[in-house]
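*Asks:* Next up is a structure, given as structure tokens.
Where a number appears in this text, it was derived from the coordinates with a stated rule and is not lab data. Not measured: the values here are computed from a predicted model. Every residue, glycine among them, receives a Cβ derived from its backbone with ideal geometry; neighbour counts consider all protein chains shown.
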Amino acid sequence: MEKILVIQTAFIGDAILTLPMIQKLKDILPDSLIDVLAIPSTAEIFSSSPKVDNTIVLDKRGKQKSVRGLLKFIKELKKNNYSRIYSPHRSFRSSFIVMMLGVKETYGFTKSSFKYVYRHLIKYVPAHHEVQRNLDLIGFEYKDDWKILPEIHIPDTAEKKINEFISANKLSGNIAAIAPGSVWNTKKYPETYFIDIIRYFREKRYSVILIGSEKDKNLCDNIAGSFTDGVISSAGNFSIVETICLLKTAKIIVSNDSAPTHFGMCANIPVLTIYCSTVPEFGFSPYNLKSTFVSLDGLDCKPCGIHGHDKCPIKTFICGANLKPQIVISKIEEMINDIV
């Protein structure tokens, strides 16, 4: 039996987009055991995948931050006697772990830091979607069949919690989800613009749920406070899996280029991703049926970085400011008309 380790210690969105690769890997090697090395914030994602056998947490900002702590961790990890390692994550730390484990069959990207530790180097294609790049890593040959939805198991306890939330807030009819937050400020569509979008949904008699982490709570509460009824903030109330369960009750989600885009794909509902400082060509756009994106093209300053910044480098934020709400609303109208 193959004992496989997948190393993915990146952000939440990257973690979700690793699931299709794991799912296909399990299809190819059904008798294999697949472990995933993840960080604390993404462990829930992999633990909820029906194709992952074990999730191992690397606390790279805590217990395993020091070299001593990392080496102790690797020593324990080595006892699992893996026969293969796939590392979608391209950091030096990931490559160092691979080197120290001493596994013969290892797979990494040509853009990986310290790439020579990998026996098999797979070409990293910037023009591909992240899901395609991850499928390249396992050697899966695809044409148009790369758009594999990430699978998340939702327990009964999560469904019960969400049903109680929907009932307590008297949410009925069509529901729209709005995700206005992001780790990076230049990825955030302006708050006042989101209010205009929510006002449009309310005019269409949609109930609106704002979603986000605890860090997004103030932003979501402020937006919800602009309305007297029909708009509820759930920020900070639910885990990742619970949020995905909540999204299954919605007709559509409007999100920045951030993790909720991928939550929407897990829930398999139409997703509209708003790109401010980043671009869909980076490979993280929604790809499930009836999903799309909106972006202001033709700017010399865009993109200004793959992740974004705390402040606009040229102090104008025209990528967000000039992407007026009516442009986004026009795209939403197209999507709503297409939703059955």
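*Asks:* Can you name the residue in region 320-332 that is farther than 18 Å from Pro270 by Cα and part of a helix (DSSP H, G or I) and is also nearest to the chain's Cα centre (by Cα) among such residues? Give the steps one after another, and end with the answer.
*Replies:* Here is the first cut: in region 320-332, the residues farther than 18 Å from Pro270 by Cα are 320-326.
Narrowing further to those that are part of a helix (DSSP H, G or I): 320-321, 325-326.
Numbers: Gly320: 21, Ala321: 24, Pro325: 24, Gln326: 26 Å.
Only one residue tops the list, namely Gly320.
*Asks:* Oh, and also: How many residues are touching a strand residue (DSSP E or B) at 6+ places or on another chain (Cβ under 9 Å) and over 22 Å from Leu19 (Cα atoms) if we restrict to region 79-98?
*Replies:* Residues meeting the conditions: 1.
*Asks:* If Met335 passes every condition in (1) part of a helix (DSSP H, G or I); (2) surrounded by 22 or more Cβ atoms within 10 Å (Cβ to Cβ) but one, which one does it miss?
*Replies:* For Met335, the exception is condition (2).
*Asks:* Same structure, new question: Consider Val294 carefully, then state whether it is of a type in the set (A, V, I, L, M), under 16 Å from Leu272 (Cα atoms), in contact with a helix residue (DSSP H, G or I) (Cβ under 9 Å, 6 or more places away or on another chain) and without any contact (Cβ under 8 Å) to a residue 40 or more places away in the chain. Quick ask: steps written out before the conclusion?
*Replies:* Values: of a type in the set (A, V, I, L, M): yes; under 16 Å from Leu272 (Cα atoms): yes; in contact with a helix residue (DSSP H, G or I) (Cβ under 9 Å, 6 or more places away or on another chain): yes; without any contact (Cβ under 8 Å) to a residue 40 or more places away in the chain: yes.
Against the criterion (of a type in the set (A, V, I, L, M), under 16 Å from Leu272 (Cα atoms), in contact with a helix residue (DSSP H, G or I) (Cβ under 9 Å, 6 or more places away or on another chain) and without any contact (Cβ under 8 Å) to a residue 40 or more places away in the chain), Val294 qualifies.
*Asks:* Hey, could you check region 243-291 for residues that are in a strand (DSSP E or B) and hydroxyl-bearing (Ser, Thr, Tyr) and say which is farthest from Arg205 (Cα to Cα)? Don't jump to the end; show me each part of the working.
*Replies:* Residues of region 243-291 in a strand (DSSP E or B): 252-256, 271-275.
From what's left, hydroxyl-bearing (Ser, Thr, Tyr): 255, 273, 275.
Values: Ser255: 20, Thr273: 22, Tyr275: 26 Å.
Result: Tyr275.
*Asks:* Here's another thing I want to ask about it. How about region 209-242: which of its residues are of a type outside the set (A, V, I, L, M), part of a loop (DSSP other than H, G, I, E, B) and crowded, with 24+ Cβ neighbours inside 10 Å?
*Replies:* Residues of region 209-242 of a type outside the set (A, V, I, L, M): 212-218, 220-222, 225-230, 233-234, 236-239, 242.
If we keep only those that are part of a loop (DSSP other than H, G, I, E, B) as well, we get 212-213, 225-230, 234, 236-239.
Within region 209-242, just Gly212 meets the criteria.
*Asks:* Test of understanding: among Ser226, Ser182, which residue is of a type outside the set (Val, Ile, Thr), in contact (Cβ under 8 Å) with a residue 24 or more places away in the chain and within 23 Å of Ser291 (Cα to Cα)? Walk me through how you get there before you give the answer.
*Replies:* Values: Ser226 fails: within 23 Å of Ser291 (Cα to Cα).
Answer to the check: Ser182.
*Asks:* Scan (1) within 24 Å of Lys331 (Cβ to Cβ); (2) surrounded by 19 or more Cβ atoms within 10 Å (Cβ to Cβ) for the single condition Lys204 breaks and write down its number.
*Replies:* (2) is the only condition that Lys204 fails.
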